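Let me begin by presenting the structure, written as structure tokens, before commenting on it.
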Amino acid sequence: MPQVQVNGVQLYYEITGEGTPIIFVHEFAGDCRSWELQVRFFSHRYRVVTYNARGYPPSSVPVDPYSYSQEIAVNDLAGIMDILGLAPCHVVGLSMGAYATLHLGLRYPKLVRSIVVAGCGYGSDPEERKSFQLDSQKIANLIETEGMEEFVKAYSDGPTRIQLRKKNSRLYAEFKRNLLTLSPKGLTNTLRGIQAVRPSIYDLDDLEKMKVPILILTGDEDWPSLKPNLFLKKKIQNAAMSMFPNSGHTLNLEEPELFNKLVQDFLIQVDSGQ
């Protein structure tokens, strides 16, 4: 089982294919398995890397909630890129992973060729920030008091998740099965240490100074991400943006062909200097 020691924890990773490296950074409700449709597509041309964040077995699950933060997540990503010799590489993140990817582009621009942020910005809108923070705490409490089955039932039926159920019931069932296997302790610590307290993207400095090529992807029914993604498009000069019709939060699963094509076209443009 391939693992690397990064910032005091063991991180599980998988590498498929050869070529220019591209690393995928998973969302809160997923792990490296969430990117299988992308691994199959991109590994024909790229050296594709996926990994499980801390708190997501078989990566380490620190029991101390202070071992989780947005800064730590970014440093973990930078660390695994350094140890595996990936830099500079393309980085693609979804939701929680998009946050880490965006911060990586801000703090360590020399490590990346380009970044793709999909479904980024949950909890950033000033009108919804407080409720998002409270909801993160409530979800953590639900996991601890009611267990994973009740959590999965409630979480997978959210207004930005049901689109996957409508489009592909088989993938939706697989998403729920995988979610059920995640670590309760890892999820609750991630919720309390990262999700509930991470900075709003509206408060990030130097977005307008970013030189890294960036592709922003969002679903038109991913309501909490719409305004934040428009904000990113407006602030970042090098940003391109695409909105998926009738789509929620899990864009790479709901519309894998469109997701893969847009990302591939973007990477080709970047690598050709366009």
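The values are calculated or read from the model by the stated rules, or taken from the named source; none is laboratory data. Just so it is clear, the structure is predicted and the values come from calculations on it, not from any experiment. Positions of Cβ are backbone-derived with ideal geometry, glycine not excepted, and every protein chain shown enters the neighbour counts.
Numbers below:
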| quantity | calculated |
| --- | --- |
| Residues that are surrounded by fewer than 14 Cβ atoms within 10 Å (Cβ to Cβ) and either of a type in the set (Asp, Glu) or touching a residue at least 60 places away in the same chain (Cβ under 8 Å) (or both), drawn from region 159-180 | Pro159 |
| Total residues in region 181-213, condition at pLDDT 95 or above, within 23 Å of Gly30 (Cα to Cα) and outside any helix (DSSP H, G or I) | 3 |
| Some residue of region 207-219 being touching a helix residue (DSSP H, G or I) at 6+ places or on another chain (Cβ under 7 Å), more than 26 Å from Phe244 (Cβ to Cβ) and of a type in the set (A, V, I, L, M, F, W, C) | no |
| Residues located in region 222-267, provided they are assigned to a helix (DSSP H, G or I), within 25 Å of Gly123 (Cβ to Cβ) and of a type in the set (Asp, Glu) | Glu254 |
| Residue count for region 117-139, restricted to those that are over 13 Å from Thr160 (Cβ atoms) and assigned to a helix (DSSP H, G or I) | 9 |
| All positions within region 110-135 that are surrounded by fewer than 22 Cβ atoms within 10 Å (Cβ to Cβ) and modelled with pLDDT under 95 | Asp125, Pro126, Glu127, Glu128, Arg129, Lys130, Ser131, Phe132, Gln133, Leu134, Asp135 |
| Criterion violated by Asp222 - all others in (1) in contact with a strand residue (DSSP E or B) (Cβ under 8 Å, 6 or more places away or on another chain); (2) charged (D, E, K, R); (3) in contact (Cβ under 8 Å) with a residue 60 or more places away in the chain satisfied | (1) |
